[in-house]
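Novice: Below: one structure in structure tokens.
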Amino acid sequence: MKAVEVIDDLKRRFPNEPEYIQAVEEVLTTIEDVYNENPEFERYNLIDRLCIPDRIFAFRVSWVDDKGKVQNNMGYRVQHNNAIGPYKGGIRFHSSVNLSILKFLAFEQTFKNSLTTLAMGGAKGGSDFSPRGKSDMEVMRFCQAFINELWRQIGPDTDVPAGDIGVGGREVGYMYGQYKKMAREFTGTFTGKGLEFGGSKIRPEATGYGNVYFLLEMLKTRGIDISGKRVAISGSGNVATYTAEKLLSLGAKVVSMSDSDGSIYVPDGLTREQLDYIFKLKNIYRGRIREFAEEYDCQYFEGERPWQRVACEIAMPSATQNEIDGDDARALIANGCIAVSEGANMPSTPDAIREFQKARILYAPGKAANAGGVSVSGLEMAQNSQKLSWTEEEVDNKLKQIMSDIHTQCVKYGTEADGYINYVKGANVAGFMKVARAMMAQGVL
Ligand code: NDP
Ligand code: 2IT
């Protein structure tokens, strides 16, 4: 396999899917050597089968808004690969959602889920519906209409969706409710459910906590203590807020957060009370981060991401894809950044990744660092199958162990001759090998 040839072929076949091609390129260029050491992979044309999703569902979602007007959105589910377990991955509701973005996310999810050590295949779904500015009833009607189309394609051992951007506990609750009504079964077909109906303790916290656990493992390789370190976080949603909470409990300083309108800068670090304010602002009042700046009279950069202006030792991008470009990466490094751990999926552009690796700073890609979320989803599935629920401590301990195991895999497959740990290569090779062996064993499907 020549990575460039496969990528050129995919570009020709899917010319309008830049995010998908970007995600594939990052993986193929790092697994090329390992792939070519196994000639049987090539005989089975494994690479094509691994890059192209097993199947994609696309559908129209029609629903009625509060004014009685009929609205139409697109809905999708990309079932990428189920070689090692049922299709598994979140659902994203955001105006930017399209097939290229969902294909990149489903592709990434396949390798991420492989790294978790649990039995989960890869999938992703979503819609160009934006919950922003919609009433609760509008969100409910949309979720019900979305599931009316999708419910036949999912199930506890077939495909298990969860949250992502724009899909949190409220949306999962509405979708699960409609699924249960249509399928006439009460099973663990969604994760991220409410605690009263099968949700797991620590699932809401898991992506943010897991990212901090992974960061601690990385810092340990260089003997660096987290206490007192300044951390720039982007986003102010699920992943960002629980990342911040865990960091504060460890004595680190969270100096920035953001939303799609702008970012705040708090050089001395957020207090616990200020973080609680952000949590309420985002989850209860569904407000903007600008309101935090007004309330606490701190610096606010309208229309800007945190990276250019903030002095920090650590960056934890937790908003969206391609939110750190080459210039941002250079600014971060110049301002003293020594570690980047990705809460979001593919937040760094290829140029930014090159800068981080060239500077030899600690850099963990999302598929390793943010795998805590889907890992606790896997633990939620296990609890649902057993019809038991585990304690917070049990789940948190398992999460810590999984993040440590993912780190070990990255070190095993990613350590370079000079001792630098290339976490991108480590995560891609480890994730790929498990899926590849399972596909080989199961024949041409
Ligand atoms: P939320 O919807 O809870 O929060 C998203 C945050 O990012 C919001 O602050 C939002 O701002 C901001 N944001 C979203 N899109 C953009 C954009 N295009 N430009 C700038 N800011 C943006 O989502 P999550 O916290 O769940 O997800 C954040 C990231 O983490 C995503 O990349 C997701 O794929 C990834 N992830 C999530 C997991 C989970 O368990 N939830 C697991 C693993 C990864 P605004 O309110 O203005 O839109
Ligand atoms: O990107 C991700 O890993 C998620 N959005 C979580 C997926 C899941 O199934 O919990």
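The values are calculated or read from the model by the stated rules, or taken from the named source; none is laboratory data. Please read these numbers as outputs of a predicted model, since none were measured by experiment. Don't worry about glycine lacking a Cβ; one is built from the backbone with ideal geometry, like all the others, and counts go over all protein chains shown.
Novice: Could you tell me whether the range 79-90 includes any residue that is among the polar types (S, T, N, Q) and in a loop (DSSP other than H, G, I, E, B)?
Specialist: The answer is yes, given that some residue of the range 79-90 is among the polar types (S, T, N, Q) and in a loop (DSSP other than H, G, I, E, B).
Novice: Starting from residues that are away from ligand 1 (no atom under 16 Å from the Cβ) and among the basic types (Lys, Arg), keep the ones in the range 183-231 and report whichever is surrounded by the fewest Cβ atoms within 10 Å (Cβ to Cβ).
Specialist: Per the stated criteria, the residue is ARG184.
Novice: How many residues are part of a loop (DSSP other than H, G, I, E, B) and either farther than 18 Å from LEU102 by Cβ or free of Cβ contacts under 8 Å to residues at least 24 places away in the same chain (or both) when one looks only at the range 159-172?
Specialist: Final tally of qualifying residues: 1.
Novice: Does PRO267 count as within 16 Å of ligand 2 (Cβ to nearest atom) and either closer than 25 Å to ASP136 by Cβ or surrounded by fewer than 22 Cβ atoms within 10 Å (Cβ to Cβ) (or both)?
Specialist: The answer is no for PRO267.
Novice: If GLY336 meets every condition in (1) closer than 21 Å to ALA232 by Cα; (2) in contact with a helix residue (DSSP H, G or I) (Cβ under 8 Å, 6 or more places away or on another chain); (3) not acidic (Asp, Glu) apart from one, which number is that one?
Specialist: (2)
Novice: Looking at the range 102-110, is at least one residue within 15 Å of ligand 2 (Cβ to nearest atom), charged (D, E, K, R) and either modelled with pLDDT of 95 or more or not in a loop (DSSP other than H, G, I, E, B) (or both)?
Specialist: Yes, the range 102-110 contains a residue that is within 15 Å of ligand 2 (Cβ to nearest atom), charged (D, E, K, R) and either modelled with pLDDT of 95 or more or not in a loop (DSSP other than H, G, I, E, B) (or both).
Novice: While we're here: Output the number of the condition that MET439 fails; it satisfies all remaining conditions of (1) buried (at least 22 other Cβ atoms within 10 Å of the Cβ); (2) part of a helix (DSSP H, G or I); (3) not charged (D, E, K, R).
Specialist: (1)
Novice: List pairs: first residue in the range 102-118 and without any contact (Cβ under 8 Å) to a residue 60 or more places away in the chain, second residue within 12 Å of ligand 1 (Cβ to nearest atom) and of a type in the set (Lys, Arg) anywhere in the structure, Cβ distance under 8 angstrom, at least six positions apart or on different chains.
Specialist: Listed pairs, sorted by first residue: LEU102/ARG92; LEU102/LYS124; ALA106/LYS124.
Novice: Taking the residues in the range 333-381 that are free of Cβ contacts under 8 Å to residues at least 40 places away in the same chain and assigned to a helix (DSSP H, G or I) as candidates, determine which candidate is farthest from ligand 1 (Cβ to nearest atom).
Specialist: LYS358
Novice: Something else now. Looking only at helices (runs of 4 or more DSSP H) that fall completely inside the range 1-63, which ones have 1 or more residues that are within 25 Å of GLY75 (Cα to Cα)?
Specialist: 3-13, 18-36, 46-51
Novice: Would you call MET381 within 27 Å of GLY168 (Cβ to Cβ), surrounded by 20 or more Cβ atoms within 10 Å (Cβ to Cβ) and touching a Pro at 6+ places or on another chain (Cβ under 8 Å)?
Specialist: Criteria met by MET381.
Novice: All but one of (1) of a type outside the set (Asp, Glu); (2) more than 16 Å from ligand 2 (Cβ to nearest atom); (3) under 30 Å from VAL160 (Cβ atoms) hold for LYS358; state the number of the condition that does not hold.
Specialist: Among (1) of a type outside the set (Asp, Glu); (2) more than 16 Å from ligand 2 (Cβ to nearest atom); (3) under 30 Å from VAL160 (Cβ atoms), LYS358 violates only (3).
Novice: Does SER256 count as without any contact (Cβ under 8 Å) to a residue 12 or more places away in the chain and out of contact with any Leu (no Cβ under 8 Å at 6 or more places or on another chain)?
Specialist: no
Novice: Then there is this: Of all residues in the range 321-332, which are in a loop (DSSP other than H, G, I, E, B) and either touching a His at 6+ places or on another chain (Cβ under 8 Å) or away from ligand 2 (no atom under 16 Å from the Cβ) (or both)?
Specialist: Residue satisfying the conditions is ASP325 alone.
Novice: Right, next: Right, ILE101: buried (at least 24 other Cβ atoms within 10 Å of the Cβ) and not basic (Lys, Arg) or not?
Specialist: Taking the combined requirement at face value, the residue satisfies it.
Novice: Looking at the range 382-424, which of the residues that are within 14 Å of LEU215 (Cα to Cα), of a type in the set (A, V, I, L, M, F, W, C) and assigned to a helix (DSSP H, G or I) is farthest from ligand 1 (Cβ to nearest atom)?
Specialist: That would be VAL411.
Novice: Could you tell me which of the residues ARG132, ARG141 is part of a helix (DSSP H, G or I), basic (Lys, Arg) and either surrounded by fewer than 24 Cβ atoms within 10 Å (Cβ to Cβ) or under 15 Å from the mean Cα position of the chain (by Cα) (or both)?
Specialist: ARG141
Novice: Could you figure out which of (1) in contact with a Lys or Arg (Cβ under 8 Å, 6 or more places away or on another chain); (2) among the basic types (Lys, Arg); (3) modelled with pLDDT of 95 or more isn't true of ARG222?
Specialist: (1)
Novice: Within the range 95-129, can you find the residues that are within 11 Å of ligand 1 (Cβ to nearest atom) and more than 15 Å from the chain's Cα centre (by Cα)?
Specialist: SER95, SER96 - these are the residues of the range 95-129 that are within 11 Å of ligand 1 (Cβ to nearest atom) and more than 15 Å from the chain's Cα centre (by Cα).
Novice: Among the numbered conditions (1) over 25 Å from ARG222 (Cα atoms); (2) aliphatic (A, V, I, L, M); (3) buried (at least 24 other Cβ atoms within 10 Å of the Cβ); (4) free of Cβ contacts under 8 Å to residues at least 60 places away in the same chain, tell me where ALA329 comes up short.
Specialist: (1)
Novice: Now a separate question. How many residues does the range 144-173 contain that are surrounded by fewer than 23 Cβ atoms within 10 Å (Cβ to Cβ) and either at pLDDT below 95 or of a type in the set (Phe, Trp, Tyr) (or both)?
Specialist: Number of matching residues: 1.
Novice: Step by step: first the residues of the range 144-170, then only those that are of a type in the set (Gly, Ala, Ser) and more than 16 Å from ligand 1 (Cβ to nearest atom), then the one that is nearest to the chain's Cα centre (by Cα). Which residue is that?
Specialist: If we take residues in the range 144-170 being of a type in the set (Gly, Ala, Ser) and more than 16 Å from ligand 1 (Cβ to nearest atom), then GLY155 is nearest to the chain's Cα centre (by Cα).
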